[in-house]
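The values are calculated or read from the model by the stated rules, or taken from the named source; none is laboratory data. As the structure is a computational prediction, the values presented were derived from the model and not from experiment. Cβ: placed from backbone, ideal geometry, glycine included. Neighbour counts: every protein chain shown. Quick note on the areas: whole protein, heavy atoms, side chains included, nothing else; ligands and nucleic acids left out. Shrake-Rupley method; radii C 1.70, N 1.55, O 1.52, S 1.80 Å.
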Amino acid sequence: MNPFPQLLENCLIDTKHVECAAIIVAKSGDITAASKNFTLSSEQAKVFVDAFKHVNITRQRGLGYKGKLYTCVRADRHSIYFKCEGSGLMVVRTALFVIVATYSKDMYPSICVEAVEKLAEYLREKDK
């Protein structure tokens, strides 16, 4: 049984500060799990994974998602945070996975960040 859908629900969606989320296999770009309200194409999943290969370019240009350009507000080798018109997008990488999460205007970005980073930390421990 795939444990990732339950992890997304329990660790992220249940905070009420993550709108939708997905876990992508870093090497292949395969979508391992996605929350019920998150439709993600394989092409978009690849864009999220590839954002870490070109962090400086991602930081400068931002990222297109659902027809909108998200501006990068933070980028390092493990985490990239974007915002657009009050909503936001987070992409966090572990050795094996990339976690993608969004938050809406009525959610607190700091709680979304904390939840996603904690899940990433948990997955990093499992990666070892």
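Take the stretch 17-46 and flag every residue that is assigned to a loop (DSSP other than H, G, I, E, B), surrounded by 14 or more Cβ atoms within 10 Å (Cβ to Cβ) and of a type outside the set (G, A, S).
Within the stretch 17-46, H17, V18, E19, F38, L40 qualify.
When you look at Q60, is it open to solvent by 90 Å² or more (accessible area, probe 1.4 Å), part of a helix (DSSP H, G or I) and not small (G, A, S), yes or no?
Numbers: open to solvent by 90 Å² or more (accessible area, probe 1.4 Å): yes; part of a helix (DSSP H, G or I): yes; not small (G, A, S): yes.
Yes, satisfied.
With the requirement that a residue be assigned to a helix (DSSP H, G or I) and surrounded by 15 or more Cβ atoms within 10 Å (Cβ to Cβ), what does the stretch 82-125 give you?
Restricting attention to the stretch 82-125, the residues satisfying the condition of being assigned to a helix (DSSP H, G or I) are 109-125.
Matches in the stretch 82-125: P109, C112, V113, A115, V116, E117, L119, A120, L123, R124.
Mind checking whether some residue in the stretch 79-92 is at pLDDT below 95 and in contact with a strand residue (DSSP E or B) (Cβ under 7 Å, 6 or more places away or on another chain)?
Residues of the stretch 79-92 at pLDDT below 95: 85-86.
Now restrict to residues that are in contact with a strand residue (DSSP E or B) (Cβ under 7 Å, 6 or more places away or on another chain): none.
No, the stretch 79-92 has no match at all.
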Which of the numbered conditions does I111 fail, given that it passes all the others? Conditions: (1) among the aliphatic types (A, V, I, L, M); (2) over 22 Å from L7 (Cβ atoms); (3) out of contact with any Phe, Trp or Tyr (no Cβ under 6 Å at 6 or more places or on another chain). (2)
Just the residues that are in a loop (DSSP other than H, G, I, E, B) and either under 17 Å from R124 (Cβ atoms) or open to solvent by less than 50 Å² (accessible area, probe 1.4 Å) (or both), please, taken from the stretch 1-16. P3
